[in-house]
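Take a look at the structure below.
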Amino acid sequence: MAGLGLSYSDAFTPRDSRNISIFSVWVMATGVVFITATILIGESIIDKGPLAWALAITATILALGSVRAYMVFLRNADELLRRIQLEGLALGFGAGAVFMLSYRLFERLGALKLDISDAWIVMVIFWALGQYIGMRRYAPGVER
C-alpha cells in the first residue's frame, strides 16, 4: 500500500509484527492443508478413509490455531490497530452475512450453486477492504 501513501506496517509495533507473522503462518498452513484435502478428497485421489479424515481434522485444528493466533494478535494490539481491525471485521462479517442470506435466495431462483466455503472468500475480501478503509480513516498522518 506504499504507493497509496499508506503503510499498514506503520501501525505495527514489533510485537504486532511478530503476532501477525505467527497468524499468517497458521493461515498459510491451514490453506495448504485445506486445498490439498479438498483436491485429494474431491477428486477421489484418496479414499474417504483414515487419511482423508486425518487431513480434514488437521485442517480443522490448523484453522482453530489461526483463530487463536488472531485473537492473541488483537489482544496485544494497541487501540488504533484494534480499531482498524474492528473496521475490517465488521465489513467482512457484514458482507459475508448479506452474501450468505441473499445468495441462497438467488440459488433457489436458478443461480449457480456455490460451495459453502465460497462465502469465506467474500468475507476475507471485505475484511481486507475494511482494514484498508480503517487505515485511511484512522491512521495518523493520512489526509482525510
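Has the stretch 100-122 got any residue that is within 20 Å of the chain's Cα centre (by Cα), assigned by TED's automatic domain parsing to the domain that holds Arg18 and of a type in the set (Val, Ile, Thr)? No, the stretch 100-122 has no match at all. Remark: pairs (first residue in the stretch 22-46, closer than 21 Å to Ile116 by Cβ and in the same structural domain as Phe12 (by TED's automatic domain parsing); second residue of a type outside the set (A, V, I, L, M, F, W, C) and assigned to a helix (DSSP H, G or I); Cβ separation under 7 Å; 6+ apart in sequence or on different chains) = Val27/Ser66; Thr30/Ser66; Val33/Thr58.
Looking at the stretch 115-134 only, could you name the residues that are aliphatic (A, V, I, L, M), out of contact with any Phe, Trp or Tyr (no Cβ under 6 Å at 6 or more places or on another chain) and in a helix (DSSP H, G or I)? Can you show your working first?
In the first step, residues of the stretch 115-134 are kept if they are aliphatic (A, V, I, L, M); the result is 116, 119, 121-125, 128-129, 133.
Add one more test, that the residue is out of contact with any Phe, Trp or Tyr (no Cβ under 6 Å at 6 or more places or on another chain), and what stays is 116, 121, 123-125, 128-129, 133.
Matches in the stretch 115-134: Ile121, Met123, Val124, Ile125, Ala128, Leu129, Ile133.
Comparison of Thr38, Thr30 shows that the only residue that is in a helix (DSSP H, G or I) and modelled with pLDDT under 95 is Thr38.
Can you confirm whether Gly130 is more than 24 Å from Phe34 (Cα to Cα) and either in the same structural domain as Ala63 (by TED's automatic domain parsing) or surrounded by 12 or more Cβ atoms within 10 Å (Cβ to Cβ) (or both)? Outline the logic, then answer.
Details: more than 24 Å from Phe34 (Cα to Cα): yes; either in the same structural domain as Ala63 (by TED's automatic domain parsing) or surrounded by 12 or more Cβ atoms within 10 Å (Cβ to Cβ) (or both): yes.
Taking the combined requirement at face value, the residue satisfies it.
Scoring Ala90 on the criteria (1) at pLDDT 95 or above; (2) loosely packed, with under 12 Cβ neighbours inside 10 Å leaves a single failure, condition (2).
Is it the case that the stretch 39-48 has a residue that's on the phi > 0 side of the Ramachandran plot and not aliphatic (A, V, I, L, M)? So that I can check it myself, show each step before the final result.
Going through the stretch 39-48, the residues on the phi > 0 side of the Ramachandran plot turn out to be 44.
Those still in the list that are not aliphatic (A, V, I, L, M) too: 44.
Checked the stretch 39-48: at least one residue is on the phi > 0 side of the Ramachandran plot and not aliphatic (A, V, I, L, M).
For the stretch 35-73, which positions are of a type in the set (Lys, Arg) and under 30 Å from Ser21 (Cβ atoms)?
Going residue by residue through the stretch 35-73, those that are of a type in the set (Lys, Arg) are 48, 68.
Across the stretch 35-73, the qualifying residue is only Arg68.
The values are calculated or read from the model by the stated rules, or taken from the named source; none is laboratory data. None of these values were measured; they are calculated from a predicted model. Ideal geometry is used to build each Cβ from the backbone, glycine not excepted, and the neighbour counts take in all protein chains shown.
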